[in-house]
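Reviewing the structure listed below.
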Amino acid sequence: MTKAMRLTGLVLALGLLTWSCGKAEAKTAEIRIGSAVCEMCAKTIKEAATEVSGVQLATVDLSNKVVKVTYNASKTTLSAIEDAIVKAGYAANEKPADPAAFKKLPACCKVEL
Ligand SMILES: [Cu+2]
């Protein structure tokens, strides 16, 4: 093993260490969004979730009716993200949708459970 190779290995190891430290606070969770039916719902929920400060990524999976969120656990909580979705008019896990927000949804999105 040459000196250059060993050095490269060391740099890579250090880089990986720094990277994993930076990701330490990042958590991923799935939130059930049972009342989501169409692309418009998906867009509304995605926007509501990503507007929460600390949320890095929100991916809506309409066929499984879940939204996968990646968030910084030192900045926000799963409960806060659920609340944002509730305020947008959708049920999130055990929390029912906010009735006033639900009323304002487009007709195609209003699905009584
Ligand atoms: Cu919809």
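Laboratory data are not the source of any read-out in this text; all were calculated from the coordinates shown. This structure is a prediction, so every number in the text was calculated from the model and none was measured. Note that we place each Cβ from the backbone using ideal geometry, even for glycine, and neighbour counts take in every protein chain shown.
Just flag the GluC sites (Glu not before Pro) in the stretch 55-113 sitting in loop per DSSP whose Cβ has no more than 11 other Cβ atoms within 10 Å. Each step should come with its number before you reach the end.
Details: sites: Glu82, Glu94, Glu112; in loops: Glu94, Glu112.
Filter output for the stretch 55-113: Glu94, Glu112.
What's the local net charge at Thr76, with K and R +1, D and E -1, over the other residues with C-beta under 14 Å away? Mind showing how you got there, number by number?
Details: positive: Lys27, Lys75; negative: Glu25, Glu51, Glu82, Asp83.
Taking every other residue near Thr76 into account, the sum is -2.
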Legend entry - Anisotropy class of the stretch 25-109 from Cα gyration tensor, a/c 1.5 cut: prolate
Legend entry - Residues of the stretch 72-94 with amide N under 16 Å of a point placed 7 Å along Cα→Cβ from Met40: 88-90
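Given a cut-off of 22 Å, name the pairs among Lys65/Lys110; Lys75/Lys103; Lys27/Lys103 whose C-alpha atoms lie farther apart than that in the structure shown. If you can, show how the numbers build up before the last one.
Values: Lys65/Lys110 15 Å; Lys75/Lys103 31 Å; Lys27/Lys103 32 Å.
Among Lys65/Lys110; Lys75/Lys103; Lys27/Lys103, the Cα-Cα distance tops 22 Å for Lys75/Lys103; Lys27/Lys103.
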